[in-house]
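Notes follow the structure.
The values are calculated or read from the model by the stated rules, or taken from the named source; none is laboratory data. Everything numeric in this text was worked out from a predicted model, so none of it was measured. No Cβ is skipped: glycine too gets one built from the backbone with ideal geometry, and neighbour counts run over all protein chains shown.
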Amino acid sequence: MEPPELDRLTKELSLRNRLQDALLVFSRSLSASLILETALESLCMEVTALFGVRRTSIWIHDREARTLSLAASSDPREIAGTPPVPTGTDSLMARGLRIDAPEVSGSGDAQSLIMSLRGWRRALGTLVIEGEPREVERALFVDLSADLSRQLSVGLERQVVLEERILAAEGQGQLRNRLAQTEKLASLGEFVAGIAHQINNPLQGVLGHLELLIDAPAAAPVRSELQRIHNDANHARTIVQNMLTFTGTRRAARQPIDVHDVVEQTIAMRRAARHRGGVEIVHRPGPDLPRVLGDASHLQQALLNILVNAEQAIAAAPGDGHITVTTRTAGELVTIEIRDSGPGIEPAVLSRIFEPFFTTKPAGEGTGLGLAITQGIVQAHGGSITAASSPQGTVFTIAFPAASDKVGATGPPS
């Protein structure tokens, strides 16, 4: 064998060995960290140095969005400012997704090699190598690039399959959790309905006898006390009826409601508690607010749950705080915004606050049902509720479909 041929073969073998080493490092890095972008970036750096080219980049295919996104590059500055590329365009990256063999275009520093990254029955992305190689002949460069794309595709396919299996397992776990919560709520509903029916029967008798006593001439000296007892018993009956409605045993009455009145009555119920806790509640009513169709006592309960949570959040932070309740119209909707000055809710907790039985309070101090019931009441009225939070506080926004008639603002802010 002639010395020049021996030198060529020796150099080719060295390049192939270095390429295999780079792919081995990529595979080990991916297995150790499961962070695809980091492993791909190291591979891009090694390939650029191996071939002596200007830049190497790897684009990953998003099948749902039908785009290619830059996942790694030997020039890290390129990643931050590069938008996704639609697969239907004639760009290098999009064209590379559709070819079966390496394609070289241009010359010199403007030369580009593109190669499809393919898995089993799916397109994974595109390998792009820019610049004319200085360390290898063109034919060998194309052959090594094809080998690189094949082996890289195997590694990417394994990662995609692993991620799909992880997501499937997480989805099954979430489904099991939802089923468990549904079973808990069903059991709770049966339990509450049974208690409510047991309380409701004697309560009706108490109310009937009180009405007879109030009208009796001999009760004149204590009529005011009897009336107070009757009012409290009637309030207890309303609570029982709400429990029955919550469990589905009794349908809520629907009639036009003045949202301003509901808000004012709810704030009045918390007057004593908020003064003890150093919390100021301000109502900012919007003008010409349409009525909404619903049950006033249920909406009051929904607002009350949010106000109590806000007061407790403010109490957990140093100093006094305030809660602002703003009512306004937004197109065909009536919105109620409850904003507090508490410490906010962690993102991991915020995503779960409407889950039944989820609570961050110590055992025995919370049932985890308050906001779940609030969401149920709002949705039963055809509305929606969302929450947003920051270290400066939390905002709950409730929106209801507006009825046809309007009401004015109920005076100045309270």
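In this structure, is ARG138 within 37 Å of the chain's Cα centre (by Cα) and modelled with pLDDT of 85 or more?
Answer is no for this residue.
For the subset of the stretch 314-353 comprising residues that are surrounded by 21 or more Cβ atoms within 10 Å (Cβ to Cβ) and small (Gly, Ala, Ser), which member is nearest to PRO401 (Cα to Cα)?
Filtering first and then ranking leaves GLY342.
What is the residue count in the stretch 118-153 for residues that are touching a Gly at 6+ places or on another chain (Cβ under 9 Å) and of a type in the set (S, T, N, Q)?
Result for the stretch 118-153: 2.
Going through GLU37, GLU12, GLU5 one at a time, which residue ends up being at pLDDT below 85, surrounded by fewer than 19 Cβ atoms within 10 Å (Cβ to Cβ) and under 18 Å from GLU157 (Cα atoms)?
Unique residue meeting the criteria: GLU37.
Exactly one of these conditions fails for SER145: (1) touching a Pro at 6+ places or on another chain (Cβ under 6 Å); (2) farther than 19 Å from PHE26 by Cβ. Give me its number.
Here SER145 clears every test but (2).
On the basis of being among the small types (Gly, Ala, Ser), at pLDDT below 90, surrounded by fewer than 20 Cβ atoms within 10 Å (Cβ to Cβ) and assigned to a helix (DSSP H, G or I), does ALA268 make the cut?
yes
Whether any residue in the stretch 297-308 is modelled with pLDDT under 90, of a type outside the set (Ser, Thr, Tyr) and either over 24 Å from GLN255 (Cα atoms) or not in a helix (DSSP H, G or I) (or both) is what I want to check.
yes
Cβ contacts < 8 Å: first residue β-branched (Val, Ile, Thr), restricted to the stretch 394-411; second residue at pLDDT 70 or above and part of a loop (DSSP other than H, G, I, E, B), any location; separation 6+ or different chain. Result?
Listed pairs, sorted by first residue: THR394/GLY342; THR394/GLY344; THR394/ILE345; ILE398/GLY383; VAL407/ASP258; VAL407/ASP288; VAL407/ARG291; THR410/ASP258.
Sort out which residues of the stretch 77-91 are touching a residue at least 12 places away in the same chain (Cβ under 8 Å), surrounded by 14 or more Cβ atoms within 10 Å (Cβ to Cβ) and not in a loop (DSSP other than H, G, I, E, B), and write them in order of number.
VAL85
Going through SER389, SER384 one at a time, which residue ends up being at pLDDT 85 or above and either buried (at least 18 other Cβ atoms within 10 Å of the Cβ) or touching a His at 6+ places or on another chain (Cβ under 7 Å) (or both)?
Residue meeting the stated conditions: SER389.
Within the stretch 114-171, count every residue that is in a helix (DSSP H, G or I), among the hydrophobic types (A, V, I, L, M, F, W, C) and touching a Phe, Trp or Tyr at 6+ places or on another chain (Cβ under 7 Å).
Adding up the residues that qualify gives 1.
State yes or no: is ARG66 farther than 21 Å from GLY131 by Cβ and modelled with pLDDT under 85?
So ARG66 does not fit the description; no.
Across the stretch 54-84, what is the total count of residues that are of a type outside the set (D, E, K, R), within 33 Å of the chain's Cα centre (by Cα) and under 26 Å from PHE141 (Cα atoms)?
The qualifying residues number 13.
Could you tell me how many of the residues in the stretch 327-349 are assigned to a strand (DSSP E or B) and either over 16 Å from VAL292 (Cα atoms) or aromatic (Phe, Trp, Tyr) (or both)?
Qualifying residue count for the region: 3.
Going by the structure shown, is GLY370 modelled with pLDDT under 80, assigned by TED's automatic domain parsing to the domain that holds ALA302 and closer than 24 Å to THR324 by Cβ?
Judged against the criteria, GLY370 is a match.
Residue check: is ALA252 surrounded by fewer than 13 Cβ atoms within 10 Å (Cβ to Cβ) and either modelled with pLDDT of 75 or more or not charged (D, E, K, R) (or both)?
When the stated conditions are applied, ALA252 does not pass them.
Cβ-Cβ distance below 8 Å, separation of 6 or more or different chains: which pairs start in the stretch 350-366 with a residue that is over 16 Å from ILE306 (Cβ atoms) and among the aromatic types (Phe, Trp, Tyr) and end on one that is assigned to a loop (DSSP other than H, G, I, E, B) and at pLDDT below 80?
Filtered contacts from the stretch 350-366: PHE357/THR367; PHE357/GLY368; PHE357/LEU369.
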